[in-house]
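So the structure is just underneath, and the comments pick up after that.
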Amino acid sequence: MGKSFTRKPIFVSMDLGTANTLVYINGQGIVYNEPSIVAYKINENRIIAVGKEAYKMIGKGNKNIRVIKPMVNGVITDIRATEAQLKYIFEKLRVTKTLKNSIMLLACPSVITELEKSALKKIAYNFGAKDVFIEEEVKMAALGGGVNIYAPVGNLIIDTGGGTTDVAVLASGDIVLSKSIKVAGNYLNEECQKFIRSQYGLEIGSKTAEAIKINIGSLSIFPDERRMKVYGRDVVSGLPREVEITPEEVREVLKVPVSRIVDLTVQVLEDTPPELAGDIFRNGITICGGGALIKGIDKYFADTLQLPTKIGEQPLLSVINGTKKFVAEVWHMIELLRKNYSKEII
């Protein structure tokens with residue numbers, strides 16, 4: 001076994017998010033960053049597209065094509081699709097051989113079960129990984145967002161992704177307590193869809209709803225706000241139609257679900273040990289993930305909770321960037337495994 005460690009194996013990390021899947025390879029950087037979507041040819045039971053190409057097919061497929069999301073609301077809905085997706089990605093990147101004897105770190109939502117973690121580890125080992133580690137996304141997001149999680153100081157992190165929002169207090173290198181809610185990017189999209197349907201009698205797709213959120217969604221009033229034309233299907237006539245919506249309307253739609261994240265944050269603060277609560281009062285809140293890009297979300301939390309709030313560094317990449325920074329900790333864990341293995345042999 002000693003000989004196999006004379007040269008450090010390749011380090012590979014993955015952010016298996018509800019919205020996007022990202023892959024990092026040590027020495028190459030982030031080699032993949034695309035939507036977590038798979039398109040199948042039903043009659044042939046084979047993958048025809050993954051990521052961006054599969055995303056284009058949403059709402060535009062036919063009876064012979066099935067578009068699925070391997071992970072929904074932070075839960076793995078189809079473990080086979082997850083494995084097929086990763087296999088497709090690795091073959092596309094031509095890194096299948098690189099994975100042999102590699103060290104893999106998988107960042108996953110906190111809501112996945114131990115059974116799902118075991119299944120993911122098995123997939124990684126099937127790809128040839130020598131050692132596999134699983135860490136919670138919120139911990140990696142904090143690290144990637146610029147927070148020193150190793151200091152004996154309390155930090156409050158809100159990681160809002162596509163399927164779930166995790167609120168966690170971290171100190172001395174690990175999570176002290178955390179709570180999760182299935183209110184995140186996809187949920188906000190659905191709320192926009194419901195509003196357009198009830199207010200204007202127009203049916204719109206999830207991609208249109210996401211465009212609304214990104215283009216005119218906000219939680220604070222901004223100068224030069226503009227209306228947006230939205231196209232869809234009239235629920236009465238069934239014919240194509242367009243409407244024009246305002247930033248004010250979208251703002252009111254978004255405030256309701258975001259207020260639920262605020263409530264969850266209050267619950268976490270109420271359970272936080274007093275010393276750590278004092279640290280949080282001084283250090284404030286760090287928001288990571290795609291939700292951090294909603295205009296004015298930091299001001300909304302700061303005004304509501306009366307705590308300083310900031311957006312983490314590169315919020316869309318905070319998790320995968322965190323895994324890069326975590327590599328030293330991974331090598332340390334491997335060293336401990338080696339020592340324990342040696343003791344068992346002796």
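Apply the Karplus parameterisation 6.51 cos²θ - 1.76 cosθ + 1.60, with θ equal to phi minus 60°, to every residue of the range 20-32 and state each ³J(HN,Hα) to the nearest whole Hz, in sequence, with x for glycine and proline.
10, 10, 10, 10, 10, 10, 4, x, 10, x, 6, 9, 8
Given Cβ point charges of +1 (Lys, Arg) and -1 (Asp, Glu) and nothing else, what value in debye, to the nearest 20, does the dipole of the chain about its Cα centre take? Walk me through the numbers on the way to the answer.
Details: 45 positive and 39 negative charges, 343 e Å.
Using only the charged Cβ atoms, the result is roughly 1640 debye.
Mind telling me which of Thr77, Thr165, Thr323 comes out most flexible in a GNM of the chain, alpha-carbon contacts under 10 Å?
Judging by the Gaussian network model, the answer is Thr77.
Amide H of Val67: which non-local residues (sequence gap of 5 or more, or other chain) have their own amide H closer than 5 Å, using H built in the peptide plane?
Tyr40
Let me have the relative contact order for the chain, percent, based on Cα pairs under 8 Å that are six or more residues apart.
On the way: 661 pairs, mean separation 57.2, N = 346.
Here the relative contact order equals 17 percent.
Which ³J(HN,Hα) values in Hz, rounded to whole numbers, follow from the phi angles of the range 221-226 under the Karplus curve 6.51 cos²θ - 1.76 cosθ + 1.60, where θ = phi - 60° and Gly and Pro get x?
With coefficients 6.51, -1.76 and 1.60, one gets 6, 10, x, 6, 6, 10 Hz.
Greater than 20 Å separation of Cα atoms is the criterion. Which listed pairs, Lys52/Lys255; Lys56/Lys324; Lys117/Lys179, meet it? Walk me through the numbers on the way to the answer.
Numbers: Lys52/Lys255 30 Å; Lys56/Lys324 30 Å; Lys117/Lys179 18 Å.
Violating the 20 Å limit, Cα to Cα: Lys52/Lys255; Lys56/Lys324.
Take the cross-link list Lys63/Lys122; Lys122/Lys213; Lys139/Lys299; Lys121/Lys299; Lys130/Lys207 and give me the ones stretching past 28 Å between alpha-carbons.
On the way: Lys63/Lys122 33 Å; Lys122/Lys213 37 Å; Lys139/Lys299 23 Å; Lys121/Lys299 40 Å; Lys130/Lys207 39 Å.
Flagged as over cut-off: Lys63/Lys122; Lys122/Lys213; Lys121/Lys299; Lys130/Lys207.
Taking amide hydrogens as modeled 1.01 Å from N in the peptide plane, which residues meet the under 5 Å criterion relative to Val176, leaving out close sequence neighbours?
Val169, Leu170, Ala171
Can you give me the C-alpha center-to-center distance between the range 42-92 and the range 148-226, rounded to a whole angstrom?
Between the Cα centres of the range 42-92 and the range 148-226 lies a distance of 24 Å.
For the range 147-312, what is the charge dipole size about the Cα centre, in debye to the nearest 20, if Lys and Arg each add +1 at the Cβ and Asp and Glu each add -1 at the Cβ? Don't skip to the answer; put the middle values down first.
Details: 18 positive and 22 negative charges, 95 e Å.
In debye, rounded to 20, the range 147-312 gives about 460.
Convert each backbone phi in the range 157-163 into a coupling constant with the Karplus relation 6.51 cos²θ - 1.76 cosθ + 1.60 (shift: θ = phi - 60°), then list the ³J(HN,Hα) values in order as whole Hz, x for Gly and Pro.
Values, residue by residue: 10, 10, 10, 10, x, x, x Hz.
Considering only DSSP states other than H, G, I, E and B, which trypsin sites (Lys or Arg not before Pro) in the range 1-101 qualify as loop sites with at most 10 other Cβ atoms within 10 Å?
Numbers: sites: Lys3, Arg7, Lys41, Arg46, Lys52, Lys56, Lys60, Lys63, Arg66, Arg80, Lys87, Lys92, Arg94, Lys97, Lys100; in loops: Arg7, Lys56, Lys60, Lys63, Arg94, Lys100.
Listed in order of number, the matching sites are Arg7, Lys60, Lys63, Arg94.
Once amide H atoms are placed 1.01 Å from N in the peptide plane, what residues at a sequence separation of 5 or more from Val31, or on another chain, have their amide H within under 5 Å of its amide H?
Residues meeting the criterion, in which the H sits 1.01 Å from N, are Val23, Tyr24, Ile25.
Read-outs: derived from the displayed coordinates by stated rules, not from any lab. Remember, it's a predicted structure, so these values are computed and weren't measured experimentally. Backbone-built Cβ (ideal geometry, glycine too); neighbour counts: all protein chains shown.
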